[in-house]
Amino acid sequence: MHTFNLEQYMRFSASHLESLVDERGRTYFDIFRTTPAEAVFDWPDYVDLPARYLEASILLQPVLGRPVTTAPALRRWLFSHFEQDGLCYRPETLIASHWAELFDQARLMYLLITGMMAHPEDGEFRTRLEKMCRTLKAKATFEKDYAYIEKIGIYFGGTLIRPLVQAGLALKDPQWIEFAGAMSRGIIDHSDHYGPDGSFSGHHHGHLGTLAGILAYAVLAGDTRLRDRVRAIFDWSRSISTASGFIPEVANRSDDLIVCETCTLMDYLDVALLLARHVDGRYWDVVEKATRNQLVEAQINNPDWLAEEPRRPDEEDIIRSDIRRRVTGAFAGWAAPHAQLGVAEEQQRDTWVKTPALQPRYWGKIRALQNCCAGAGVRALHQVWSNLATFADGTLSVNLLMDKAIPEAVITSFIPFEGRVKIQLRRDCAVRFRVAPEVPARDVRATVAGRPVALTPDGVFLNAGKLAKGDILEITLPLPARTETFTVGNPGFQSYKFEADWKGDTVVAMRPDPANPTTGYSFVMKTKIPVYFGADAPGLMYQRADWRADRHDVTPAALTEDSRAVDWFSLKK
Ligand SMILES: [Zn+2]
């Protein structure tokens, strides 16, 4: 058994990226829990998903040690939707209308910026990004100190702010940062999306993506008012989430259904990472607990809850063959706190299917996965992986006690199997590391070559002082066991109770209350439907019984050195 490391989960996702993209480069948004299960092409597969999958491919390449095989086809398909004005359009089809939708453009900008950072030699990313920024700004309405495109929206518009800030940094062009600031002020000062207590309603992924953008802008601009407002809103988001990283897909949903979308967790981690790095180190704890638990457990590793029988052939826009293998490595779209599928809800019977003949392809089928989350899961892993250890002003900060190789050090962590970490230095520098708030500092020991090293409190860190190249700092700490009881549910509706056994930062078992309801009202379907908050839910997570007791047979995983080429978090000009 190898140490717990994020690279293993990143590599595992490649099998999905390489097996559920067809020869035309098309992704498949819907996975339906039909008999047999089906992957179905849908409108997000024109721009949104191929942009996420292509970005994921770029993020994965260094740890995979080779390009993702489907990346060239994804790029051809996605880029075929660019038009003269530099935006990417959904085409006019029976499931889509000709439209350069702004959330699509946001996904695309994330890709173009990551592509530019990872492959500066590939000029197409830069030229397309510059043109997109110019066109978006030309579409904006500028009032006194704020701006918006068509309306002051969150999903539609707000989600552009994070990539606009990063575009300003990557292109070294401050006008995009100023544009992002004007969009931020529109949302915070000239809309009623957020209550005085930081509360909000609706699509949580859109809200958190927007908040990450406003926060990145506020940090760069030194705008403490915007910064503190985002922090308050994020703290409200935390109040409806769990420490293990269960973040509701919809805030204040008005029915009995509550599930975690991996996309939402991705943006939650983005905000928490920005807060931890630039505002308050206590948010590292939020990051570590959500990552070690819900994020990695949301990765599909045993989809035996999807039927492959009876065998039926694939057809245009529907894949049924090998469906379990094809979804392995993707991420949950509607997880419960303890399982990869929380509810048996069907797709909204909206008007987007333009002919009755096509409706049976989408309607009346239980949704198992939404594959926006497949790309989002990889991005979320990379976000955390790129922040595990940072180096500034002669000090190495080990922010999370997880395996990591960077130019300054190699970190090997035996957590959660043992409370033991080794930091091998590749240069002379000061070293500090962070332990969970549940661990008393007096119980943490550090040595170099058997000699005790004094540890000095340094904010949320313990500072081991200056060490030399070649030194190996050996740390031991307790992993306190505790049991936590929590409930999830929308205010005024049914709730579901769980018990989590923690070992340090890691959940080693999650037990649903046997009294949890087995059906719940869905406002989408306007009826009661099965919900999976019991012990027989599909895709049970936390099958970690052999993590509970300490074990000493764990060997260090091979690591990839992070070149830091793709950097969304230092916010350096
Ligand atoms: Zn998603």
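If each residue's Cβ is checked for other Cβ atoms within 10 Å, how do S97, S495 rank with the fewest at the top?
The most exposed by this proxy come first: S97, S495.
Using θ = phi - 60° and the Karplus curve 6.51 cos²θ - 1.76 cosθ + 1.60, what whole-Hz ³J(HN,Hα) does each residue of region 440-453 get, with Gly and Pro shown as x?
x, 4, 5, 8, 8, 10, 9, 9, 10, 6, x, 8, x, 10
Cα-based Rg of region 257-377 per 2.2 N^0.38 Å, rounded to two decimals?
Expressed relative to 2.2 N^0.38 Å, the Cα Rg reads 1.28.
Can you give me the long-range amide H partners of D458? Hydrogens built in the peptide plane at 1.01 Å from N, cutoff under 5 Å, separation of 5 or more residues or another chain.
Those lying under 5 Å, H to H, from D458 are N463.
Only counting other Cβ atoms within 10 Å, I'd like T262, T395, T487 sorted with the fewest neighbours first. List each step's numbers first, then the result.
Working: T262 32, T395 16, T487 12.
Ascending number of Cβ neighbours within 10 Å: T487, T395, T262.
Per the Kirkwood definition applied to all pairs of different Cα atoms, how many angstroms is the hydrodynamic radius of the chain?
Answer for the chain: a Kirkwood hydrodynamic radius of 24.3 Å.
What spacing in nm lies between the two simple spin-label points modelled at K572 and K144, each 7 Å away from Cα in the Cβ direction?
According to this spin-label approximation, the distance is 3.8 nm.
Positive end of the charge dipole of the chain (Lys, Arg +1 and Asp, Glu -1 on Cβ, about the Cα centre): tell me which of L455, I233, L400 has its Cα farthest that way.
L455
Which number comes out as Rg/Rh for region 481-547 once both Rg and the Kirkwood Rh are worked out on C-alpha atoms?
Numbers: Rg = 13.9 Å, Rh = 13.3 Å.
Across region 481-547, the Cα-based Rg/Rh ratio is 1.04.
Counting other C-beta atoms within 10 Å, which of R432, R24 has the fewest, and how do the rest follow?
With the fewest neighbours first, R432, R24 line up as R24, R432.
Please list, in chain and number order, the residues 5+ apart from I406 or on another chain whose amide H is under 5 Å from its amide H, with Hs placed from the backbone.
I411, D562
Can you pull the Rg over Rh of region 42-108, Cα-only, Kirkwood?
Rounded to two decimals, Rg over Rh is 1.02.
For region 151-292, what Kirkwood radius comes out of the mean inverse Cα-Cα distance, in Å? Mind showing how you got there, number by number?
Details: mean 1/r = 0.0666 Å⁻¹.
Hydrodynamic radius (Kirkwood, Cα only) of region 151-292 equals 15.0 Å.
Provide the convex hull volume over Cα atoms per residue for region 410-471, in Å³.
Per-residue hull volume (Cα only) is 88 Å³.
What is the dipole size for region 481-547, taken about its Cα centre, with +1 at each Lys and Arg Cβ and -1 at each Asp and Glu Cβ, in debye to the nearest 20?
Roughly 240 debye, rounded to the nearest 20.
Tell me, how many Å apart are the Cα centres for region 155-183 and for region 55-106?
If we compute the Cα centre of each part, the gap is 20 Å.
Quick one: length gained pulling R325 to R11 fully straight, 0.36 nm per residue minus the C-alpha distance?
111.6 nm
With both partners inside the chain, how many of the DSSP beta bridges are antiparallel, as a percent to the nearest 5?
Of the beta bridges lying entirely in the chain, close to 90 percent run antiparallel.
Between region 354-386 and region 438-514, what is the C-alpha centre distance in whole Å?
33 Å
List every residue whose amide H lies under 5 Å from the amide H of A509, counting only residues 5 or more places away in sequence or on a different chain, with H placed 1.01 Å from N in the peptide plane.
Correct list: D501.
Based on DSSP H runs of at least 4 residues, each adding -39500 (n - 2.57), what is the mean residue ellipticity at 222 nm of the chain after dividing by all its residues, to the nearest 500 deg cm²/dmol? Let's see the in-between values first.
On the way: 14 runs with 182 residues, N = 573.
The helix contribution divided over the chain gives -10000 deg cm²/dmol.
Could you give me D for region 450-499, from Stokes-Einstein at 4 °C and 1.567 mPa s, where the hydrodynamic radius is the Kirkwood radius over C-alpha pairs? Units µm² s⁻¹, please.
83 µm²/s
Laboratory data are not the source of any read-out in this text; all were calculated from the coordinates shown. Here the structure is a predicted model, which is why all the values come from computation and not from measurement. Note: ideal-geometry Cβ built from the backbone for every residue, glycine included; neighbour counts use all protein chains shown.
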